[in-house]
1. Would you check if residue 246 is away from the ligand (no atom under 16 Å from the Cβ) and either at pLDDT 95 or above or closer than 22 Å to residue 158 by Cα (or both)?
2. How many residues does the range 356-409 contain that are modelled with pLDDT of 95 or more, surrounded by fewer than 17 Cβ atoms within 10 Å (Cβ to Cβ) and not charged (D, E, K, R)?
3. Pick out the one residue from 96, 91 that is touching a Lys or Arg at 6+ places or on another chain (Cβ under 9 Å), charged (D, E, K, R) and not assigned by TED's automatic domain parsing to the domain that holds residue 269.
4. For the range 256-363, which fully contained helices (runs of 4 or more DSSP H) count at least 3 residues that are in the same structural domain as residue 201 (by TED's automatic domain parsing) and closer than 30 Å to residue 413 by Cβ?
5. Of all residues in the range 128-146, which are under 28 Å from the mean Cα position of the chain (by Cα), assigned to a loop (DSSP other than H, G, I, E, B) and crowded, with 17+ Cβ neighbours inside 10 Å?
6. Of the conditions (1) out of contact with any Gly (no Cβ under 9 Å at 6 or more places or on another chain); (2) within 16 Å of the ligand (Cβ to nearest atom), residue 371 clears all except one; give me its number.
7. Name the pairs whose Cβ atoms lie under 7 Å apart, with the first residue in the range 365-386 and at positive phi, the second part of a helix (DSSP H, G or I), and 6 or more positions between them or separate chains?
8. I'd like the full set of residues that are farther than 28 Å from residue 289 by Cβ and either among the aromatic types (Phe, Trp, Tyr) or not assigned by TED's automatic domain parsing to the domain that holds residue 422 (or both), limited to the range 364-380.
Amino acid sequence: MNRAVNLLIPSLMVLGLGVPGMVLAQPEVILRDGEQMRVDLVGSGVHQVADGWRVVLRMSNDNDFPEGVLPSSFRRWWHAEVGGLNTETGERLHVEVTNAGYSTTILPTWSLDNGETWTRIPESSMPVWDSSTSTHRFTIDVPPDVPQVLLAKWYPYTPAMFEAYRQGRLLPHPMVNEVEIGRSEQDRPIYQYIITDASVPTGNKARVWVHNCVHPAENPGYFMVEGLVDWLLGDSREARAVLQQTIFCIVPVANPDGQYLGNYRTNANGVNLENQWTAPYNTQVAEVKALRERIEEFMGEPSNPGESPIRILLNVHAAHGSGAPFHFVHRPLYDANGTGVTEEVYQLEVKWVDFLRERSPFMNRGSDNWSVLAGRPFVESMMHDRYTIHPSETWDPVMAITIEGTYQAGPTPGSIATQHDYRELGEAIGWAVSDFLELDLEALRTSLSGGMAY
Ligand SMILES: [Zn+2]
């Protein structure tokens, strides 16, 4: 179902201004359900100006909550269709993204082929931020033969895109096993993909956990995940060796409702899942329960530890206000005052960050941020407090860290990031895992199902 606002046609009709025999192009703002779209239709609209149209896209809170329920910093995703364009002449659109919850300058993206492909709008259309009205303004020229333009803050990643990836890439591959680890508050499946070479016994394999989309419109993460998976499944000799020595457990869409609804940071009930980790054992929030129970299953209990417990956990996000992708490295303060992490875990984090910086020039562009895990939020604190420092010494220390993409900067000075750049970063994550775990990339094992694969 489409919802549309059209401010001009009704008034023209009321005023009797329609010209008989003349087809007036009348652009309108449209939201499509389930396509990660969000603006406030009531406050949005299209108005004729001298050289084209003024398109107001008023940003809306997650779940269209009233102002004040969520912090304004949660209002950071917009995506809408502007339809009804004049295909004879093309259109000039003066776009105003109002009520914005971010001031960062980000070159928006558009699709001129109804969502098939996405690019940034021309660099000459860089938005100008007006802090007095919380508005980003930019002007675009839509070429002829384009009846509708899809516009978004950044590259969208819709449920249909994930489904296409799932059907086309994940499900057909013999080394991928899909597990439904739970269902969302609105009863959508939460999938985890177990990716390993099952012809090699689980035994000593290192488990690598990756989850993404806790914050559902932090879209660089989806492309990182696709890049990682594509590398793992890409039939390279090295990736095959990695999958003989590891078990990747990847949740590409941890918050499917939020993604479906076009939320930026919360689930269908307006809950910021990330903060549920301060008390994960008590949470009744479906998405967090699904992740936590699955982690518990892999880690086991001190009396009965998991066969291949998690060694690396990556919590994938994206952030405003930083120039390039970065990690949140935790301060090694744990013994002193109970914040941060142990020195041992800190050293593991530094080792991880260094390896990924070596593998990814993009990652290496930025500076890392610090976190002391005050109040023990985030999944990292659960991995640390419950497993790493458990007195039984049942578990090896877990390297659990948040990796953040950003929205503007690309891998080289002056460049602007594309989805491809984030896919490449995902591929670098695959390499960095092999570095971190000191995997032997030369030693391909004979497949138990018969013969060498390569
Ligand atoms: Zn986030």
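1. Numbers: away from the ligand (no atom under 16 Å from the Cβ): yes; either at pLDDT 95 or above or closer than 22 Å to residue 158 by Cα (or both): yes.
Considered against the rule, which asks whether it is away from the ligand (no atom under 16 Å from the Cβ) and either at pLDDT 95 or above or closer than 22 Å to residue 158 by Cα (or both), residue 246 comes out as yes.
2. 2
3. 96
4. Working: elements: 256-261, 286-299, 334-337, 343-359.
Helices (runs of 4 or more DSSP H) meeting the threshold: 343-359.
5. 134
6. (1)
7. Close Cβ pairs satisfying both conditions: 373/380; 373/381; 375/278; 376/278; 376/385; 378/274; 378/277.
8. In the first step, residues of the range 364-380 are kept if they are farther than 28 Å from residue 289 by Cβ; the result is 364-370.
If the condition is that a residue be farther than 28 Å from residue 289 by Cβ and either among the aromatic types (Phe, Trp, Tyr) or not assigned by TED's automatic domain parsing to the domain that holds residue 422 (or both), then 370 is the only one that fits.
The values are calculated or read from the model by the stated rules, or taken from the named source; none is laboratory data. Quantities reported herein were computed from a predicted structural model and do not represent experimental measurements. Heads up, the Cβs are rebuilt from the backbone with ideal geometry, glycines too, and the neighbour counts pull from every protein chain shown.
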